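Undergrad: Before I ask anything, here is the structure I am working with.
Values in this text are rule-based calculations from the coordinates and carry no lab data. All values reported here derive from a predicted model rather than from experimental measurement. Here the Cβ is made from the backbone with ideal geometry for all residues, glycine too, and neighbour counts use every protein chain on show.
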Amino acid sequence: MNQGTSVLVMRYLILALLLITAPAHAADDTKYEELLQRLAGAKNKADADALNGEIWECWLTAPDQTAQELLDAAMQRRAAYDFLGAIHHLDRLVEFYPDYAEAWNQRATMYYLTGEYEKSLADVAETLAREPRHFGALAGKSVILFNQGKIGLAQIAVKEALKYHPFLNEAAILSIESGEDI
């Protein structure tokens, strides 16, 4: 087989692979969209909590096996309170999969847990650039801003998050007067 034929065969194999995997992604996207719609319209906290869990499962499903391994390694480090180790894995995940919103969100969480609030906010912004409806990132942003004493900005982030998840605990931030000391 000459080089031109090899390239042509490789192109057909890639096309076939894309066609095989496309319906699965479309089905996942449809499920995700349905879950977000149902959560936004949830009538009680119990229903919202169940949908919340399903949405987090979607977010924590990485684009491929390699990405999943990096994410899982980071989550294991997080569970062991090795936040710097988790950041190391998440740095690689963000580098190799920059379009994966949850990679940015998980690293934002690790930066928050290590007290690096500005880095956390920067990664929240990256998360929201990829998935503006990520209520977890919006809620996290509200907590950071609240802890920085930026009550008005925290309330804006909470209001945005509540559009997607009407039963977030962070809604309590809305009951604080913007001028109040915290």
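Undergrad: For the range 71-95, which positions are crowded, with 19+ Cβ neighbours inside 10 Å and among the charged types (D, E, K, R)?
TA: R77, R78
Undergrad: If you don't mind, there's one more thing I want to ask. Against the conditions (1) in contact with a helix residue (DSSP H, G or I) (Cβ under 8 Å, 6 or more places away or on another chain); (2) closer than 15 Å to E102 by Cβ; (3) of a type in the set (G, A, S), where does A125 fall short? Just the number, please.
TA: (1)
Undergrad: Right, something else. Picking from D123, D49, which residue would you name as being closer than 28 Å to F167 by Cβ, touching a Lys or Arg at 6+ places or on another chain (Cβ under 6 Å) and of a type in the set (D, E)? It would help to see each step written out before you state the result.
TA: Details: D49 fails: touching a Lys or Arg at 6+ places or on another chain (Cβ under 6 Å).
Sole residue among the options that is closer than 28 Å to F167 by Cβ, touching a Lys or Arg at 6+ places or on another chain (Cβ under 6 Å) and of a type in the set (D, E): D123.
Undergrad: Within the set of pairs 6 or more residues apart or between chains, which connect a residue that is closer than 12 Å to T109 by Cα inside the range 132-147 to a residue that is of a type in the set (D, E, K, R) and part of a loop (DSSP other than H, G, I, E, B) with Cβ atoms less than 8 Å apart?
TA: Sorted first by the residue in the range 132-147, then by its partner, the pairs are A137/E131.
Undergrad: Take the conditions surrounded by fewer than 19 Cβ atoms within 10 Å (Cβ to Cβ) and among the acidic types (D, E) and apply them to E160. Does it pass? Steps first, please.
TA: Numbers: surrounded by fewer than 19 Cβ atoms within 10 Å (Cβ to Cβ): yes; among the acidic types (D, E): yes.
Taking the combined requirement at face value, the residue satisfies it.
Undergrad: Could you count how many residues in the range 78-87 are part of a helix (DSSP H, G or I), within 15 Å of Y112 (Cβ to Cβ) and either out of contact with any Lys or Arg (no Cβ under 9 Å at 6 or more places or on another chain) or acidic (D, E) (or both)? First the steps, then the outcome.
TA: We begin by selecting, within the range 78-87, every residue part of a helix (DSSP H, G or I); these are 78-79, 83-87.
Now narrow it down to the ones that are within 15 Å of Y112 (Cβ to Cβ): 78, 83-84, 86-87.
With the extra rule that they be either out of contact with any Lys or Arg (no Cβ under 9 Å at 6 or more places or on another chain) or acidic (D, E) (or both), the set shrinks to 78.
Residues that pass the stated criteria total 1.
Undergrad: Further question on the same structure: Looking only at residues in the range 58-70 that are under 12 Å from the mean Cα position of the chain (by Cα) and assigned to a helix (DSSP H, G or I), which one is surrounded by the fewest Cβ atoms within 10 Å (Cβ to Cβ)? Step through it out loud before you land on a result.
TA: Pass one, the range 58-70, residues under 12 Å from the mean Cα position of the chain (by Cα): 58-62.
Now drop any that are not assigned to a helix (DSSP H, G or I), which leaves 58-59.
On the way: C58: 14, W59: 18.
Per the criteria, the residue is C58.
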